[in-house]
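Colleague: Have a look at the structure that comes next, please.
The values are calculated or read from the model by the stated rules, or taken from the named source; none is laboratory data. Please read all numbers here as calculations on a predicted model, not as lab measurements. Neighbour counts are summed over all protein chains in view; Cβ atoms, including those assigned to glycine, are modelled from backbone coordinates with ideal geometry.
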């Protein structure tokens, strides 16, 4: 017999002739059977590492996770006592090859600054800074959210904006700019639920002093559409509803640079990413049987024709993320119950991992659906992709996906 226990190291199998019941007493090598079973397990099994995070309770308040360019995993979360006047905000770094915590830091903050709606953690392209933001379920002038820059090595706070009036009302934070020296946000004077206006104001704040504005540009809304995101250089992209779906285009530039996307029943655009000056966007279609098709598009700079791949799903995309090297992405989706007694209950939450260049889908994995933490993180390097997701109140699951040998390809 052979042990089929999952392992992260190659298995060595010895061929041991063992007589098995059969015609004329034929013998077979049990090792051959082991090899076949181990091969099947390698193909079908999912390599993963579970990380138990002390003092984390993702059922109480959202937490954020992000990969550094070198592969370390950063996790930020409030302490398990968010209803006190003050609480701890933990920032931790883990080695994803061993699950060992490398370093951590705890801040004491007013409990009102703990994320009530969602939070986001991002690492700058140079690996030097961490951007942490959180915001309530409903943005307001009196409760705009919380923005903090950390030093990725020391985990100390570099700069922070957390008082009413310090952050423009209804601001949307997009992330770091291309040189990692500023934070890009939409400071338009409109509510986040609208995101439509004659113009948008894109502001960049100095990472070392978030009170310092280093760039403040107002762009006209050429499509009278919805602001979907901004490039690392600060160029906003807008979507506009059409008779068959949506058109996605930048605020300025060649009028022919656009993505024409089909989208049924007003589901809209689930996410927009900007890898290496290209644009990756995700929308939804429905089959005649009302099955959901997720469309992933990529438009290269200076091109008029885009690449497209589509995959079936049972949920709608609510966000999309990129790996630090911008080679892999993940579309995060969820579905909720429409039955009267369970209306609104989350029935599925998944991550669709894909190659950001070819758009081929590498794997679709299930995510924990009971907590408030919707965030995930993806990393690419050395012929593999790592996906980190929440997998319980105090647990992070890091999956390793081998990228070689996957034949799923895009359709034009």
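Colleague: Do we have residue 384 as modelled with pLDDT under 95, under 17 Å from residue 118 (Cα atoms) and in the same structural domain as residue 323 (by TED's automatic domain parsing) here?
Modeller: Values: modelled with pLDDT under 95: yes; under 17 Å from residue 118 (Cα atoms): no; in the same structural domain as residue 323 (by TED's automatic domain parsing): yes.
So residue 384 fails the test.
Colleague: Looking at 319, 285, 355, 314, which one is surrounded by fewer than 20 Cβ atoms within 10 Å (Cβ to Cβ) and closer than 22 Å to residue 68 by Cα? Give the steps one after another, and end with the answer.
Modeller: Details: 285 fails: closer than 22 Å to residue 68 by Cα; 355 fails: surrounded by fewer than 20 Cβ atoms within 10 Å (Cβ to Cβ); 314 fails: closer than 22 Å to residue 68 by Cα.
That would be 319, the only listed residue that is surrounded by fewer than 20 Cβ atoms within 10 Å (Cβ to Cβ) and closer than 22 Å to residue 68 by Cα.
Colleague: Within the stretch 196-225, which residues are in a loop (DSSP other than H, G, I, E, B) and at pLDDT 90 or above?
Modeller: 207, 208
Colleague: Of these, 188, 193, 160, which one is in the same structural domain as residue 131 (by TED's automatic domain parsing), part of a strand (DSSP E or B) and modelled with pLDDT under 90?
Modeller: It is 160.
Colleague: List the number of the failed condition for residue 363; all other conditions in (1) surrounded by fewer than 19 Cβ atoms within 10 Å (Cβ to Cβ); (2) outside any strand (DSSP E or B); (3) at pLDDT 90 or above hold.
Modeller: (2)
Colleague: Name the residue that is modelled with the highest pLDDT, counting only residues in the stretch 73-95 that are part of a loop (DSSP other than H, G, I, E, B) and surrounded by fewer than 19 Cβ atoms within 10 Å (Cβ to Cβ). Walk me through it before giving the result.
Modeller: As a first pass, look at the stretch 73-95 and keep what is part of a loop (DSSP other than H, G, I, E, B): 79-85.
Pick out the ones that are also surrounded by fewer than 19 Cβ atoms within 10 Å (Cβ to Cβ) and you get 80-85.
Values: 80: 74, 81: 66, 82: 53, 83: 59, 84: 58, 85: 56.
The qualifying residue modelled with the highest pLDDT is 80.
Colleague: What about residue 338, is it farther than 15 Å from residue 315 by Cβ and either without any contact (Cβ under 8 Å) to a residue 12 or more places away in the chain or not assigned by TED's automatic domain parsing to the domain that holds residue 66 (or both)? Lay out the reasoning, then the answer.
Modeller: On the way: farther than 15 Å from residue 315 by Cβ: no; either without any contact (Cβ under 8 Å) to a residue 12 or more places away in the chain or not assigned by TED's automatic domain parsing to the domain that holds residue 66 (or both): yes.
Answer is no for this residue.
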